[in-house]
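Asker: One structure is given below, represented as structure tokens, and several questions about it will come after.
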Amino acid sequence: MPTALITGITGQDGSYLTEFLLQQGYRVVGMVRRASTHNYERIQHLLDKITIVQGDLHDQGSLLSLLEEYKPDEVYNLAAQSFVPTSWSQPALTGEVTALGVTRMLEAIRYVNPKIRFYQASSSEMFGKALEVPQRETTPFYPRSPYGVAKVYGHWITVNYRESFGLFAVSGILFNHESPRRGLEFVTRKVSDGVARIKLGLANELRLGNLEARRDWGFAGDYVRAMWLMLQQERPEDFVVGTGETHSVRELCELAFGHVGLDYRDYVVQDERLYRPAEVDLLIADPSKARARLGWEPTVSFPELVRMMVDADLERWKAKIASGQLVR
Ligand code: NAP
Ligand code: F7E
């Protein structure tokens, strides 16, 4: 039975990757940082099948001892400060975790067992002010936020440890992927949650920032399969993963409100305070390498994804109302 260590197991991708690896017959060890209360909402249903261990990407010693004790065959480094706006208000922390944290894990692998296969969660935010459309593995990076800058560091240190020390270290350049488990601050989930609350009479407006930004949005459950496939290849290589389609935040609103019979123009308020100091205007993947070499394809279309998320939030709020937790 192979063992996988996942950092960031409590996050959106961590929860889907855990489900996927358990289905593949892995022993899953999940690293969580110490907190005064547990944050296991997304993995509650998996807790009896996995091992939870404490560690932190800030702390080199904790990474070394986890690798020594649990002897993973594969490490998936999903932990990060992942919200772009927070990276402007906490840029040094973002650099510590999202950038230097990668080096700390690579160092731990190098010292404990250089045969461990390593996956780094790189991001389409590295393309930023995109120098090529669509973006592929060879497109130069032009990050537009401290988060993007930190991810570029994480990407290149992964490539560098592969080339310097012969590690099986790969970087998956993943475009935006979403689900009902997405954090409420990201725009897709903010919209699906807002639509549900408006439909149920719990809110009467939704404040958003730039409606014209365009993203390549897919379903997170599909993207964790690509992470695993990258670590099963003969040679370590980096891959772009996305759908190859782009949609604006405005289209997202149109679809999400339309799904419950509402017109987004009656509820969405544009709020300049939610604009970013530097925006990423357009992202669209060229996933042809992943398709050809990994046999990877997305299975959920953009309209299906939006409907899935709105339906899940409607059910969640209806359950809260039914249980008496909320009065309309
Ligand atoms: P997420 O939901 O924000 O989860 C981030 C995870 O990192 C959480 O489990 C968090 O733990 C953990 N974490 C944060 N700081 C840590 C630290 N110092 N030590 C240990 N763990 C720490 O992110 P996601 O959407 O699942 O994304 C997973 C990874 O893929 C991230 O690296 C993200 O930057 C990258 N990525 C995401 C996308 C996307 O569209 N989702 C696209 C490209 C790349 P807590 O629960 O304790 O906060
Ligand atoms: O913003 C615009 C906003 O925060 C998408 C992370 O997972 O994907 C994610 O980063 C777009 C931006 O995601 C609001 O200006 C408008 O253009 O959902 P987001 P992101 O910044 O693309 C990448 C690939 C990652 O790697 C990151 O970790 O939507 N937008 N109005 C808004 N965005 C938010 N959050 N809130 C708004 O009200």
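The values are calculated or read from the model by the stated rules, or taken from the named source; none is laboratory data. Please read all numbers here as calculations on a predicted model, not as lab measurements. Positions of Cβ are backbone-derived with ideal geometry, glycine not excepted, and every protein chain shown enters the neighbour counts. The accessibility values were calculated without ligands, DNA or RNA, using every heavy atom of the protein model including side chains. Shrake-Rupley method; radii C 1.70, N 1.55, O 1.52, S 1.80 Å.
Asker: What residue, of ARG250, ARG215, is surrounded by fewer than 22 Cβ atoms within 10 Å (Cβ to Cβ), basic (Lys, Arg) and modelled with pLDDT of 95 or more?
Answerer: Being surrounded by fewer than 22 Cβ atoms within 10 Å (Cβ to Cβ), basic (Lys, Arg) and modelled with pLDDT of 95 or more holds for just one of ARG250, ARG215, which is ARG250.
Asker: Still on this model: Which one is least open to solvent (accessible area, probe 1.4 Å) among residues in the range 1-46 that are of a type in the set (Val, Ile, Thr) and part of a loop (DSSP other than H, G, I, E, B)?
Answerer: ILE9
Asker: So, one more: For the range 206-232, how many residues meet the condition of being of a type outside the set (A, V, I, L, M, F, W, C), touching a residue at least 12 places away in the same chain (Cβ under 8 Å) and more than 12 Å from ligand 2 (Cβ to nearest atom)?
Answerer: Within the range 206-232, residues that are of a type outside the set (A, V, I, L, M, F, W, C), touching a residue at least 12 places away in the same chain (Cβ under 8 Å) and more than 12 Å from ligand 2 (Cβ to nearest atom) number 3.
Asker: Taking THR158, is it more than 10 Å from ligand 1 (Cβ to nearest atom), open to solvent by less than 10 Å² (accessible area, probe 1.4 Å) and out of contact with any Lys or Arg (no Cβ under 9 Å at 6 or more places or on another chain)?
Answerer: Against the criterion (more than 10 Å from ligand 1 (Cβ to nearest atom), open to solvent by less than 10 Å² (accessible area, probe 1.4 Å) and out of contact with any Lys or Arg (no Cβ under 9 Å at 6 or more places or on another chain)), THR158 qualifies.
Asker: Taking the conditions exactly as written (closer than 21 Å to VAL29 by Cβ and of a type outside the set (A, V, I, L, M)), does ARG110 satisfy them or not?
Answerer: Spelling it out, ARG110 is indeed closer than 21 Å to VAL29 by Cβ and of a type outside the set (A, V, I, L, M).
Asker: Okay, next question. Quick one: which residue in LYS115, LYS71 is away from ligand 1 (no atom under 15 Å from the Cβ) and either more than 28 Å from TYR40 (Cβ to Cβ) or small (Gly, Ala, Ser) (or both)?
Answerer: Being away from ligand 1 (no atom under 15 Å from the Cβ) and either more than 28 Å from TYR40 (Cβ to Cβ) or small (Gly, Ala, Ser) (or both) holds for just one of LYS115, LYS71, which is LYS115.
Asker: Would you confirm whether or not the range 118-125 contains a residue that is buried (at least 21 other Cβ atoms within 10 Å of the Cβ), touching a strand residue (DSSP E or B) at 6+ places or on another chain (Cβ under 8 Å) and farther than 28 Å from ALA285 by Cα? Working first, answer last.
Answerer: Filtering the range 118-125 for residues buried (at least 21 other Cβ atoms within 10 Å of the Cβ) gives 118-125.
Restricting the remaining residues to those that are touching a strand residue (DSSP E or B) at 6+ places or on another chain (Cβ under 8 Å) gives 118-124.
Subsequent filtering for residues that are farther than 28 Å from ALA285 by Cα retains none.
Within the range 118-125 (the criterion being buried (at least 21 other Cβ atoms within 10 Å of the Cβ), touching a strand residue (DSSP E or B) at 6+ places or on another chain (Cβ under 8 Å) and farther than 28 Å from ALA285 by Cα), the answer is no, since none of the residues qualifies.
Asker: Just for strands (runs of 3 or more DSSP E) wholly inside the range 197-289: which have at least 1 residues that are of a type in the set (Phe, Trp, Tyr) and touching a strand residue (DSSP E or B) at 6+ places or on another chain (Cβ under 9 Å)?
Answerer: Of the strands (runs of 3 or more DSSP E) lying wholly inside the range 197-289, those with at least 1 residues that are of a type in the set (Phe, Trp, Tyr) and touching a strand residue (DSSP E or B) at 6+ places or on another chain (Cβ under 9 Å) span 239-241.
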